[in-house]
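*Asks:* Mind having a look at this structure? Questions to follow.
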Amino acid sequence: MNFGFSEEQDTIRETLARMLGDHATLKSAHNRLDGADGFDTATWSALADGGWLGLAISEAEGGAGMGAVELAILAEEIGRSLAAVPYLPALCMAVPALQSAGTQDQRTSLLPGIAKGRTIIATALAEGGGLAPDTVSAKVVQDRLSGQKAPVTFGAEATHALVAATDEEGTPRLYLADLSASGVTIGALDPIERTRSAARIDFDNAPVELLPGSDPAAIRRLLDGAAVLAAFEQIGLAERALVLTTAYAGERHAFGRPIGGFQAVKHRLADMFAKIELARSNAFFGAWALASGDSRLPEAAAVARLTALDAVQFTTEESIQLHGGIGFTWAADPHLFLRRGWQLKAELGPADMWRERLLGHLATPLRAVS
């Protein structure tokens, strides 16, 4: 089974890397730390102009008609560049939710706007420290939503929200909320990762539209797909942190030689590399399962999520340590990667949640694989 990228996909990666390298630089990330903007609108506009926001949207709806593997390439390059853009909620969660569970009218009214960068859909699945469908207290009665969602990344900048709430029978479903409608109040939160905004959204009898194909199983599938794609962002993030740390180890001298020449430092860099490569292998399998519709997607997503979380946490913490005294400073780069890793962990749930999901699937009777 070949998990490598095709020549066309490699070209996509190279083009994306050049474009993001021009717009989403580490200097711009530092400039955003104390800025007022919720996300990098210039980079988002460049992605829209290049057609990248419509990668997985059909041509009839204004996109390029590609799929999960191309989204994975985009995710990895966004992680590598630390671009502060709402690609994960909008492209990796809202788009597949609309495609699989929405009506034709919902797809027609929203997907072209997403592809052009005009419509930004945040995902409001979290509340009370948990994620839907396991933790849902928000309720919809007669197409009116009441409840609170937090944290919602890019919630203050979004035009719409994909909200998990229980219907009148108590079943978790997915709903679309126009965030400019009456009954919606948005309050800013102080995020872990200061280059991207987070918000608390309160709904008080706010009008919503049901995605009729949604149910708890659909919400879990949506999270599985998002976990795979987020794993690629985490891999890009960790790999960039390793590259920067390796370069610093070659420049920083101690006892008359570069610190990268000491065996202890070499071992730590090698451990960082090994964890990233393990996560990459699992993410590749997850992307294949997502693209092919394989029944093993839940297990593949959980493993990809867990190994990516481990790779990011280990690599970013080691990066700070190996940068020595400057690694702990605000002006240095390592904390940017550490904070982004923490934010990605918070957005889709911690490792314990995914371990439980994995164990739950492994505990079921073995299925025949054709």
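The values are calculated or read from the model by the stated rules, or taken from the named source; none is laboratory data. Everything quoted here is computed from the prediction, not taken from an experiment. Glycine gets a Cβ as well: all are built from the backbone with ideal geometry, and neighbour counts include every protein chain shown. Keep in mind that these areas ignore ligands, DNA and RNA; they rest on the heavy atoms of the full protein, side chains included. Shrake-Rupley method; radii C 1.70, N 1.55, O 1.52, S 1.80 Å.
*Asks:* Of a type outside the set (V, I, T) and either assigned to a loop (DSSP other than H, G, I, E, B) or farther than 22 Å from L336 by Cα (or both): is that true of L53 in this structure?
*Replies:* Here the answer is yes, as L53 does meet what is asked.
Rundown of residues vs (1) of a type in the set (G, A, S); (2) without any contact (Cβ under 8 Å) to a residue 40 or more places away in the chain; (3) open to solvent by less than 30 Å² (accessible area, probe 1.4 Å), yes/no style:
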residue	(1), (2), (3)
L33	no, no, yes
G50	yes, yes, no
G54	yes, no, yes
A60	yes, yes, no
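*Asks:* Sticking with this one: Looking at this structure, is A24 of a type in the set (A, V, I, L, M), under 17 Å from E77 (Cα atoms) and open to solvent by 50 Å² or more (accessible area, probe 1.4 Å)?
*Replies:* no
*Asks:* If you don't mind, there's one more thing I want to ask. Of all the strands (runs of 3 or more DSSP E) wholly in segment 166-247, which have at least 2 residues that are over 22 Å from L91 (Cα atoms)?
*Replies:* Correct list: 184-189, 198-210.
*Asks:* Could you give me the residue pairs with C-beta distances under 6 Å whose first residue belongs to segment 65-92 and is within 16 Å of V152 (Cβ to Cβ), whose second residue is among the basic types (K, R) and buried (at least 24 other Cβ atoms within 10 Å of the Cβ) wherever it lies, and which are 6+ apart or on separate chains?
*Replies:* A84/R196
*Asks:* Could I ask something else about it? Just wondering, is there one or more residues in segment 160-167 that are open to solvent by 30 Å² or more (accessible area, probe 1.4 Å), among the charged types (D, E, K, R) and out of contact with any helix residue (DSSP H, G or I) (no Cβ under 7 Å at 6 or more places or on another chain)?
*Replies:* no
*Asks:* So M93 clears everything in (1) within 22 Å of A346 (Cβ to Cβ); (2) at pLDDT below 95 except one condition, right? Which one?
*Replies:* All conditions pass for M93, except number (2).
*Asks:* Among the numbered criteria (1) over 17 Å from I219 (Cβ atoms); (2) buried (at least 16 other Cβ atoms within 10 Å of the Cβ); (3) out of contact with any helix residue (DSSP H, G or I) (no Cβ under 7 Å at 6 or more places or on another chain), which single criterion is violated by A126?
*Replies:* (1)
*Asks:* Take segment 138-159 and flag every residue that is in contact with a Gly (Cβ under 7 Å, 6 or more places away or on another chain) and either crowded, with 17+ Cβ neighbours inside 10 Å or in contact (Cβ under 8 Å) with a residue 40 or more places away in the chain (or both).
*Replies:* A138, F154, A156, E157
*Asks:* Related question: Regarding segment 329-339, can at least one residue be identified that is of a type outside the set (D, E, K, R), under 15 Å from the mean Cα position of the chain (by Cα), over 27 Å from D134 (Cβ atoms) and surrounded by 24 or more Cβ atoms within 10 Å (Cβ to Cβ)?
*Replies:* yes
*Asks:* Of all residues being among the polar types (S, T, N, Q) and buried (at least 24 other Cβ atoms within 10 Å of the Cβ) in segment 216-247, which is nearest to the chain's Cα centre (by Cα)? Just the residue, please.
*Replies:* Only one residue fits best here, namely Q234.
*Asks:* Residues to consider are E70, E77; find the one that is of a type in the set (D, E), assigned to a helix (DSSP H, G or I), within 16 Å of the chain's Cα centre (by Cα) and closer than 22 Å to L110 by Cα.
*Replies:* Of E70, E77, the one residue that is of a type in the set (D, E), assigned to a helix (DSSP H, G or I), within 16 Å of the chain's Cα centre (by Cα) and closer than 22 Å to L110 by Cα is E70.
*Asks:* Quick one: is A274 buried (at least 24 other Cβ atoms within 10 Å of the Cβ) and over 30 Å from A156 (Cβ atoms)?
*Replies:* Against the criterion (buried (at least 24 other Cβ atoms within 10 Å of the Cβ) and over 30 Å from A156 (Cβ atoms)), A274 does not qualify.
*Asks:* Filter segment 105-147 down to the residues that are among the hydrophobic types (A, V, I, L, M, F, W, C), at pLDDT below 95 and out of contact with any strand residue (DSSP E or B) (no Cβ under 7 Å at 6 or more places or on another chain) and list them by number.
*Replies:* L131
*Asks:* Suppose we filter G183, G250 for residues that are without any contact (Cβ under 8 Å) to a residue 12 or more places away in the chain and open to solvent by less than 50 Å² (accessible area, probe 1.4 Å); which single one remains?
*Replies:* G250
*Asks:* Which ones in segment 169-180 are within 14 Å of P133 (Cα to Cα) and buried (at least 18 other Cβ atoms within 10 Å of the Cβ)?
*Replies:* Passing the criteria: P172, R173, L174, Y175.
*Asks:* Among the listed residues T185, T195, which satisfies the condition of being of a type outside the set (D, E) and modelled with pLDDT under 95?
*Replies:* After applying the criteria, what remains is T195.
*Asks:* Could you tell me how many of the residues in segment 20-44 are over 10 Å from V85 (Cβ atoms) and modelled with pLDDT of 95 or more?
*Replies:* Of the residues in segment 20-44, 0 are over 10 Å from V85 (Cβ atoms) and modelled with pLDDT of 95 or more.
*Asks:* Oh, and also: Please list, ordered by residue number, the helices (runs of 4 or more DSSP H) wholly in segment 253-370 having 3 or more residues that are more than 20 Å from I235 (Cα to Cα) and touching a residue at least 12 places away in the same chain (Cβ under 8 Å).
*Replies:* 351-362
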